[in-house]
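Encoded as structure tokens, the structure appears first; notes follow it.
The values are calculated or read from the model by the stated rules, or taken from the named source; none is laboratory data. What you see is a predicted model; the values in this text were computed from it and never measured. Using ideal geometry, Cβ is built from the backbone for each residue, glycine included, and neighbour counts are taken over all protein chains shown. Please note that ligands, DNA and RNA were not included when accessible areas were found on the heavy atoms of the full protein model with its side chains. Shrake-Rupley method; radii C 1.70, N 1.55, O 1.52, S 1.80 Å.
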Amino acid sequence: MNAPHTAAAARALAGRSLQRWSAALDAFSLHRRALIGSALARILLGATGLYFYLRDYTDRGYMWGPDGVWPWQNFTGPAAGDGFSLYNLSRSDLWFELVFHAGVLAALLFTLGWKTRFSCVAHYVFLWSLNQRNPVVLDGGDNVTAIVLVFFVFIDAGARFSLDARSAKSRPSGIDRQSVRYRIGSLLHHAGLLAVILQVCTVYLVSGMYKVQGERWQNGTALYYILRVNEFGWPGVNRLVYENATLVVAITYGTVFFQLAFTFLLFNRKWRVFAVAGGILMHAGIGVHMAGLITFSLVMIALELVIMGDDHYRRLARTWRRMRQGIPEPATAAPEIDPRPRANAAPLPQATSTGARPAPADPVLTRL
């Protein structure tokens, strides 16, 4: 092959590569995915924040106030570190009440989806400040929340089930999907989704790797000792599990296998729903049998909802409606044949004198 032919082949290859990259860029910039899951995660994350505020609302002064259970000198002294908190700006009770109730309002607005990006930032700042005020009452969900709320600033979490979506429908003009602003926002939206999914995978993978190294996880008895912890246990309910040796061993090994396999299950679209369902069931079990970790369980369940695409939720909604109405699953319809002739289609075979059409040509033989 001479030089001109080589250069032409290289230009053709570069052109095809550019077309593929352009198509991929359009796919991610013109259409925003996982809007339903992002909205559901936003609602659950905001509701979890509200629960954290309102759970001890009547004892808020004792839990987080200037003269609360965590001494002020521990909060503002050298041992407190460099963590920022709005509560250390003043020791007055009035300032504490203002900041605390402003945090409640920010969590509520984030849950409802009002000015979602702004309320997300406000919710993050106020919740972080509250967590810094008393680190003793945290359960691990605060760390995950502090990380993913940064990602949710870039995610279009207010496109569904929100006040923002309701106000957008009332506007006469639609969204210009061809604008540079919308395209950049879509790319940031998908980058935020990817960051959240990677965070979930990291939590599961690291947790599974640590469990593999534990002796009690290796011999299948870890769940027994976990359910016997008095600080998190549910008396009268946990014993129904830890008194069944077979169930303890099965759940112990199943938890390790699931956490290690979770990331790899997401690569297969068919298994993705089962991976998310397994994660939700696992954290629901943690929330029930380890009541002290309920906020951690709710946060992880919220992040699981981001993983499934909008088509998954629509299919689940259709299935749920059919189940409620007692409508059977529709049979798979035969593909419709377009009656219009194609430009490059071969002419239809004509009928012979006997009235029968000749057999169609073998496409393999035709190419030969």
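Of everything in segment 260-299, what is open to solvent by 30 Å² or more (accessible area, probe 1.4 Å), within 18 Å of residue 311 (Cα to Cα) and in contact with a Leu (Cβ under 9 Å, 6 or more places away or on another chain)? Give them in sequence order.
Residues satisfying the conditions are 271, 272, 273, 274.
For every residue, the table says whether it meets (1) modelled with pLDDT of 95 or more; (2) open to solvent by less than 10 Å² (accessible area, probe 1.4 Å); (3) under 22 Å from residue 83 (Cα atoms).
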| site | (1), (2), (3) |
| --- | --- |
| 95 | yes, no, yes |
| 104 | yes, no, yes |
| 109 | yes, no, no |
| 114 | yes, no, no |
| 119 | yes, yes, yes |
| 122 | yes, no, yes |
| 126 | yes, no, yes |
| 131 | no, no, yes |
| 136 | no, no, yes |
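When you look at residue 150, is it touching an Asp or Glu at 6+ places or on another chain (Cβ under 9 Å) and open to solvent by less than 70 Å² (accessible area, probe 1.4 Å), yes or no?
Considered against the rule, which asks whether it is touching an Asp or Glu at 6+ places or on another chain (Cβ under 9 Å) and open to solvent by less than 70 Å² (accessible area, probe 1.4 Å), residue 150 comes out as no.
Find the residue count for segment 225-250, including only residues that are touching a His at 6+ places or on another chain (Cβ under 9 Å) and small (Gly, Ala, Ser).
Within segment 225-250, residues that are touching a His at 6+ places or on another chain (Cβ under 9 Å) and small (Gly, Ala, Ser) number 1.
Sort out which residues of segment 22-64 are among the basic types (Lys, Arg), surrounded by fewer than 22 Cβ atoms within 10 Å (Cβ to Cβ) and in a helix (DSSP H, G or I), and write them in order of number.
Of everything in segment 22-64, just one residue is among the basic types (Lys, Arg), surrounded by fewer than 22 Cβ atoms within 10 Å (Cβ to Cβ) and in a helix (DSSP H, G or I), namely 60.
Being among the hydroxyl-bearing types (Ser, Thr, Tyr) and touching a Gly at 6+ places or on another chain (Cβ under 8 Å) is the filter; apply it to segment 200-254 and report the residue that is nearest to residue 285 (Cα to Cα).
So, considering only residues that are among the hydroxyl-bearing types (Ser, Thr, Tyr) and touching a Gly at 6+ places or on another chain (Cβ under 8 Å), the one nearest to residue 285 (Cα to Cα) is 252.
Residue 171 is checked against (1) without any contact (Cβ under 8 Å) to a residue 60 or more places away in the chain; (2) in contact with a helix residue (DSSP H, G or I) (Cβ under 6 Å, 6 or more places away or on another chain); (3) open to solvent by 70 Å² or more (accessible area, probe 1.4 Å); (4) more than 23 Å from residue 41 (Cα to Cα) and fails just one. What number does that condition carry?
That leaves (2) as the condition not met.
Can you give me the number of residues within segment 153-191 that are within 13 Å of residue 115 (Cα to Cα), in a helix (DSSP H, G or I) and of a type outside the set (Gly, Ala, Ser)?
3
Going by the conditions given, is residue 144 assigned to a helix (DSSP H, G or I) and buried (at least 19 other Cβ atoms within 10 Å of the Cβ)?
yes
Can you find, within segment 174-183, the residue that is modelled with the highest pLDDT among those that are open to solvent by 90 Å² or more (accessible area, probe 1.4 Å) and farther than 18 Å from residue 164 by Cβ?
Filtering first and then ranking leaves 180.
Can you pull out every residue in segment 153-167 that is in contact (Cβ under 8 Å) with a residue 60 or more places away in the chain and open to solvent by 40 Å² or more (accessible area, probe 1.4 Å)?
Answer for segment 153-167, where residues must be in contact (Cβ under 8 Å) with a residue 60 or more places away in the chain and open to solvent by 40 Å² or more (accessible area, probe 1.4 Å): 160, 161.
Take the residues of segment 285-300 that are of a type outside the set (Val, Ile, Thr), more than 14 Å from the chain's Cα centre (by Cα) and at pLDDT 90 or above: which is farthest from residue 139 (Cα to Cα)?
So the residue we want is 285.
Condition first: closer than 24 Å to residue 301 by Cβ, in contact with a Leu (Cβ under 8 Å, 6 or more places away or on another chain), among the small types (Gly, Ala, Ser) and in contact (Cβ under 8 Å) with a residue 40 or more places away in the chain. Can you find one or more residues in segment 187-202 that meet it?
Taking every residue of segment 187-202 in turn, none turns out to be closer than 24 Å to residue 301 by Cβ, in contact with a Leu (Cβ under 8 Å, 6 or more places away or on another chain), among the small types (Gly, Ala, Ser) and in contact (Cβ under 8 Å) with a residue 40 or more places away in the chain.
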